[in-house]
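> Mind looking over this structure? Questions follow.
The values are calculated or read from the model by the stated rules, or taken from the named source; none is laboratory data. Source: prediction; values computed, not measured. Cβ: placed from backbone, ideal geometry, glycine included. Neighbour counts: every protein chain shown. With ligands, DNA and RNA removed, areas are computed over all heavy atoms of the protein, side chains included. Shrake-Rupley method; radii C 1.70, N 1.55, O 1.52, S 1.80 Å.
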Amino acid sequence: QVQLVESGGGLVQAGGSLRLFCAASGRTFSSYSMGWFRQAPGKEREFVAAITQSGGRTDYADSVKGRFTISRDNAKNTVYLQMNSLKPDDTAVYYCGAGIIFIDLVARNKANYWGQGTQVTVSS
């Protein structure tokens, strides 16, 4: 069992930055690939970024490449999403997910565990 708690969301102006945090409980954090996802009002949840168990491989949605960076600290059971050059289209609830299979996070939006989400609002 893994419990995930996101934080770091908020209101920011276009062009600004935010750093999201996802803290995981349990001693098996390093066994999971981790992903960030987002859901805007009226839209389905979409993949944003993912990182493998060791942090050796990452993947990003085209819409955030070059602006967002995912990282993790297995000693702190935490995964991060650094978001720069934010745009109003980035406004959404951001969720972190933990999954055994990296490609399931990236291609199928499929995770074994989900957090409750944190709101990110980007004003124009």
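> Probe of 1.4 angstrom, ligands and nucleic acids ignored: what's the accessible area per residue over the chain, in square angstrom?
With the other protein chains kept in place, the chain gives 50 Å² per residue.
> Find out how many positive minus negative residues lie around Phe29, taking Lys and Arg as positive, Asp and Glu as negative, among other residues whose Cβ is under 11 Å from that of Phe29.
Taking every other residue near Phe29 into account, the sum is +2.
> Keeping every protein chain in place, order Ile70, Ile100 by accessible area at 1.4 Å, biggest value first, i.e. largest first.
I get Ile100, Ile70, largest accessible area first.
> Could you check how much of the accessible area of the chain is carbon and sulfur, as a whole percent, using a 1.4 Å probe?
C and S fraction of accessible area: 46 percent.
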